[in-house]
């Protein structure tokens, strides 16, 4: 889906890293060369998500040999959530 701005430029909707008020995927349409406040906030949230992913990966590497079943279940749940965030960011950046 592509949207045309008032100046006639075409921009892809950017998925935001948080849901809309109805719980569904939220998007912003902005000029990448001149990001507005919503785009800048989304960039900051995504940067934090990537940092959290790096920290979680470090914890996972430490726990993998010594954690019990409950800790591993929690770790898998958190890794799954973080991987979903990371893939969403990577797919947006790739396109």
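Every read-out reported here was derived from the displayed coordinates using simple, explicitly stated rules and does not represent laboratory data. Since we're looking at a predicted model, the values are computed, not measured. Virtual Cβ from ideal backbone geometry, glycine too; neighbours counted across all protein chains shown.
Sorting 65-78, 32-45 by their mean Cβ neighbour count within 10 Å, with the most densely packed peptide first, gives 32-45, 65-78. Fully extending the segment from residue 88 to residue 73 would add 3.1 nm, taking 0.36 nm per residue of separation and subtracting the current Cα-Cα distance.
Can you tell me the 0 to 90 degree angle between the C-alpha axis of helix 37-63 and the longest principal axis of the chain, rounded to 10? Approximately 20 degrees, to the nearest 10. Going by alpha carbons, how many degrees (0 to 90, nearest 10) lie between the helix axis of 69-94 and the longest principal axis of the chain? The answer is roughly 20 degrees. Given the choices [x] 16, 52, 29, 3; [y] 12, 14, 13, 12, 10, 9, 8, 7, 6, 5, 3, 0; [z] 14, 37, 26, 15, 6, 1, P(r) over Cα pairs in 10 Å bins from 0, in percent derived from the coordinates of this structure is entry [z]. With a Cα-only, solvent-free Debye model of the range 31-84, what are the log10 I(q)/I(0) values at q = 0.12, 0.22, 0.23, 0.24 Å⁻¹? Debye curve over Cα of the range 31-84, log10 I(q)/I(0) at q = 0.12, 0.22, 0.23, 0.24 Å⁻¹: -0.40, -0.80, -0.84, -0.89.
Peptide packing: for 84-91, 20-27, 57-64, the average count of neighbouring Cβ atoms within 10 Å per residue gives the ranking 84-91, 57-64, 20-27, highest mean first.
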